[in-house]
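For reference, the structure is listed below as structure tokens.
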Amino acid sequence: MIATAQSAYASPGLSFSVHDCRHLCSNPAVNSKKGTWDKVFSNAALHWILRDPDTRMDVLRDVHAALKPGGSFVFEQGGAGNVAEVHTALIGALVAHGVPLTEAQEASPWFFPSEAWMRTALNDVGFEVEKLEIEYRPTRLTESDGQGSGGLEGWVWLMGAAFLERVSPEKRDVVVKWVVGVLESVEKRHEDGSWWIGYVRLRGVARKRE
Ligand code: BEZ
């Protein structure tokens with residue numbers, strides 16, 4: 001992705017690099033420019049990055065520290081209740097295949113905050129929240145190719161990988177099929193057989209106070 005960005009969008013003064021956002025300002029390249037960034041933008045990534053409670057607030061604190069006064073943090077991520085039905089089915093599938101409930105819950109790689117949680121957290125690290133909204137946005141899945149790509153099956157293999165790692169490789173296909181089977185009467189529409197997932201998006205704009 002970085003190589004593609006560098007060749008497709010090459011421009012003087014523009015560079016692309018990979019950093020661990022849980023420790024953004026511990027990186028010397030970032031730390032030396034702390035307090036000078038105009039903008040931080042994140043799309044569909046924070047629900048993974050904020051998963052670990054031990055580093056959750058550090059992420060927001062470091063974004064705030066990287067920005068210049070007046071700089072803005074613009075983001076969209078999964079919000080409270082995101083993909084609730086698949087999330088529940090994944091936990092249920094692990095339990096049905098011998099994983100203890102607390103371990104199955106712990107396997108979740110996501111943190112889907114509510115608007116209230118995010119507003120408090122942004123305020124606590126020093127942001128002024130300009131806009132924050134949550135939207136229920138059911139999303140149509142692509143067609144399944146019947147071989148593990150596309151459809152709900154493909155989604156579960158890709159996005160649910162952290163859950164599947166809790167069972168042995170031989171059991172994973174059965175677990176995926178269990179999830180798809182359980183969700184058929186919930187996510188498949190009667191009128192045309194299309195499959196939909198209940199995405200909930202949390203999006204916001206926060207500004208570092210001058
Ligand atoms: C995503 O990263 O786009 C995503 C992850 C979990 C649920 C929904 C979307």
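The values are calculated or read from the model by the stated rules, or taken from the named source; none is laboratory data. Computed from a predicted structure; not experimentally measured. When we count neighbours, we look across all protein chains shown, and the Cβ atoms used for this are built from the backbone with ideal geometry, even at glycine. Note: areas computed on protein heavy atoms with side chains; ligands, DNA, RNA excluded. Shrake-Rupley method; radii C 1.70, N 1.55, O 1.52, S 1.80 Å.
Sparse packing (at most 16 other Cβ atoms within 10 Å of the Cβ) combined with a DSSP loop state is found for the following trypsin sites (Lys or Arg not before Pro) in the stretch 144-210: R189, R209. Each of H97, W195, S114 was placed along the dipole of the chain (beta-carbon charges, centred on the mean Cα), and the one lying farthest toward the positive end is S114. Accessible area per residue (1.4 Å probe, heavy atoms of protein chains only) ranks T142, T36, T55 as T142, T36, T55, with the largest value leading.
I'd like the orientation of helix 172-187 relative to the chain: the angle between its Cα long axis and the longest Cα principal axis, in ° from 0 to 90, rounded to 10. Compared with the principal axis, the helix lies near 90 degrees. Largest to smallest in accessible area, the residues E115, E128 fall in the order E128, E115 (1.4 Å probe, all protein chains included). Report summary: the helix-based calculation at 222 nm, which adds -39500 (n - 2.57) for every DSSP H run with n ≥ 4 and divides by the residues of the chain, gives -11000 deg cm²/dmol. Considering only lysines 8 or more places apart in sequence, or on different chains, count the pairs in the chain whose C-alpha atoms sit under 17 Å apart. Lysine pairs meeting both conditions in the chain amount to 10.
Under the definition of Cα pairs under 8 Å and six or more residues apart, what whole-number percent is the relative contact order of the chain?
On the way: 327 pairs, mean separation 57.1, N = 210.
Value for the chain: 27 percent.
At the residue level, H23 shows approximately 80 square angstrom of accessible surface with a 1.4 angstrom probe and all protein chains present. Loop-located GluC sites (Glu not before Pro) in the stretch 152-193 (DSSP state other than H, G, I, E, B) with a sparse environment of at most 11 neighbouring Cβ atoms within 10 Å: E191. The ellipsoid that matches the Cα gyration tensor of the chain has semi-axes, each √(5λ) in whole angstrom, of 35, 19, 18, with the longest given first.
Over all pairs of different C-alpha atoms, the stretch 116-210 has a mean inverse distance whose reciprocal, the Kirkwood radius, equals 16.1 Å.
Taken per residue, the accessible surface of the chain reaches 54 Å², heavy atoms only and a 1.4 Å probe.
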